Structures are given as C-alpha cells and as structure tokens.
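Take a look at the structure set out below.
The values are calculated or read from the model by the stated rules, or taken from the named source; none is laboratory data. Not measured: the values here are computed from a predicted model. Don't worry about glycine lacking a Cβ; one is built from the backbone with ideal geometry, like all the others, and counts go over all protein chains shown. Calculation scope for accessible area: heavy atoms of the full protein, side chains included, ligands and nucleic acids excluded. Shrake-Rupley method; radii C 1.70, N 1.55, O 1.52, S 1.80 Å.
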Amino acid sequence: MANGHLATGEKDGRAVVVLRRLDEARARGLSHTQREVLGQLEHAAMPFLERTSTGAAGLVVSSSGRRRFGFILTASELVLIDDGDTCATALGRAVEDRARVEGPAGALCALLRELLRDHPARLSRMREDFERLEEQVLEGHERPDRRTMMADSRRMLGLDTFYQGMSDLAGELAEDDTGLVAPADQARLRSLARLLGRLAARLESLQDYSLQVHGLYQESIDLRQNGVMQWLTVVTTIVMPLTLITGWYGMNFPHMALFDAPWGYAAVIVACVTIAAVEIAFFSRRGWLSFGERRRRDGRRKD
C-alpha cells in the first residue's frame, strides 16, 4: 500500500497483502478457527466469514463454484490462500485501478469489488438471452434455444448464493467495532454491500422474468399439443360417418338396399363426399381448420 492506494511490492509502502498457497498457510501455524475455515476450502458452496481471536477468517466461492480462495484478516495483514490465480488477477486489476485502501480490510474490499466487475454485464447478457427466447416463442419457433435458457437458470442459482454470502461477509466487516477495520474501509465495505444489494435486486427481477418466459414457453407447448389434439378430433369426426357407412354396407345380408341397383355404388360415393364436404364446411366456418394460421394473424395484429 502506497499513498492510500494498492501498489505492487516493488513500490515503497506498507505491505498489507500476502499471497500463499494452502500448504504454505498450513505449514505456518494456524489457530483452531482458521484451520476449520481453511479445511472447508475444497467443498464450500458459498462465501462466509468467521471471527477469530486476532481478526477474521473466511472463504470466497465464485458463483460457478469452480474457484475458491480463503483469507485470514488481521488489523495489520491480509493473507490470501489461493492455489490458483484468482486473487493475483483481481489484485492486479485493483492495482491498475489505483484502488483506495486504508488497511488490510480495505484491500479485501477492493479484491471483492474486482470479483464483481463483470457482473452487471453478465446479468445484462442473461436478460438478453431471455428476451431472445421470448421473441422465438412469440414468433412460433418450435425449437427455441432451451439450452441457453437452462444454462442461464443454473447461473442465476449460483449468483443468488454468491450474492447472499458476499452480502453477509461485507456487512459483517462493515459493522465491525473491534478496531479490525478502519473507518474509511468500513465506508468502502458498506458501499460494497449496497452494490451487492443492487445486484441481488436485479437478479431477483431477472429470476421473475425467467419464470415468465418459462411459463410462456410451456404455454406454447400446451397450445401446440392442443392444436394436434384438435386436428385429430376434426379428422376423427370427418371419418366417423364414412366409417359407419362402409361398415354398414360391409355386412353380408341379402336384400340390403342399393345392392341390386346399378347406381347404388355411385349413390354411396356421392353420399360420403357430401357428408365430408358438409362437415369440412361446418368446421371451416367455426375456424377449427385454420386455428394455427389465425393465431399467427392475431399475433401479428397485436405487434
């Protein structure tokens, strides 16, 4: 830290952040609480913080659950335990942005804020995905992009857990009254908590919208199924009297009407065609034969 900003180790200033790997941290001796916290590093599902006798210890888990790192916070130092490059990358961006800090807790706040840098854009992309799916459903596409919708739904579940854990973590440090967090850093942590609150509210709105899109998609499936059943009903209704006639005249009784008449076969054909034509005209007048086209016309008229 130099002149109230995060800086690299080559610059003059006070060292407040130390990066270590998990095996290195365990080799340096940890308190019981710190060991318990770091013991959950491989399996933790959400960010959390635990108070220790000298400060605090906690874990940060990404929204996807694939990246994790731990931290041990004291009044003089922030130790980051990361076997990957998540912390190094985020701290590098914080140094480039000249993030203002007053102590180790401020450095942690800057690190957490960097982890949230792309989240507004990420939420915007997910909303665009749902809007695109909604357009596909309204346009009558039989196979909208369901894979993208389900992937976004899984991401939202992960983000919900992530924002909840991060909000608790930031709120706990922002309300510290033990001297662990400097006043200026407390203000920065409260600002981070408000940012997380805005992101969580936006996520909640997006989740509601996704439920509406899911409902619209399910409704389109129901409409298509109803359309298929309607067509089957119409076809069955048209064929039923014709089946009755052919079944009736398929009986081998002597003295049946029209059997000996030279025009009997033609009369039955005319009767069948007339019945089918009357039924088709009746169904067409009711709109039962053009329901799909009518829905499309109604949709275009509303647009």
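Things worth noting here:
- In the range 76-97, the residues that are surrounded by fewer than 16 Cβ atoms within 10 Å (Cβ to Cβ) and of a type in the set (G, A, S): S76, G84, A88, G92
- Scanning the range 140-187 for residues that are in a helix (DSSP H, G or I) and among the β-branched types (V, I, T) yields T148, T161.
- Members of the range 13-22 found to be modelled with pLDDT of 85 or more and either of a type outside the set (A, V, I, L, M, F, W, C) or assigned to a loop (DSSP other than H, G, I, E, B) (or both), listed by number: R20, R21
- In the range 143-182, the qualifying residues are those that are open to solvent by 70 Å² or more (accessible area, probe 1.4 Å) and free of Cβ contacts under 8 Å to residues at least 12 places away in the same chain, and the one that is nearest to the chain's Cα centre (by Cα) is R154.
- Taking residues in the range 267-280 that are farther than 8 Å from I238 by Cβ, and partners anywhere that are part of a helix (DSSP H, G or I) and of a type outside the set (V, I, T), the pairs with Cβ atoms closer than 6 Å and at least 6 places apart or on different chains are C272/L242; I275/P241.
- Candidate set from the range 101-142 (those that are of a type in the set (D, E, K, R) and over 19 Å from the mean Cα position of the chain (by Cα)); member that is farthest from D222 (Cα to Cα): E102
- Count - residues of the range 214-252 that are in contact (Cβ under 8 Å) with a residue 12 or more places away in the chain, within 14 Å of G140 (Cα to Cα) and either of a type in the set (A, V, I, L, M) or loosely packed, with under 13 Cβ neighbours inside 10 Å (or both): 2
- For the range 133-182, residues that are closer than 30 Å to A75 by Cα and modelled with pLDDT under 85 total 0.
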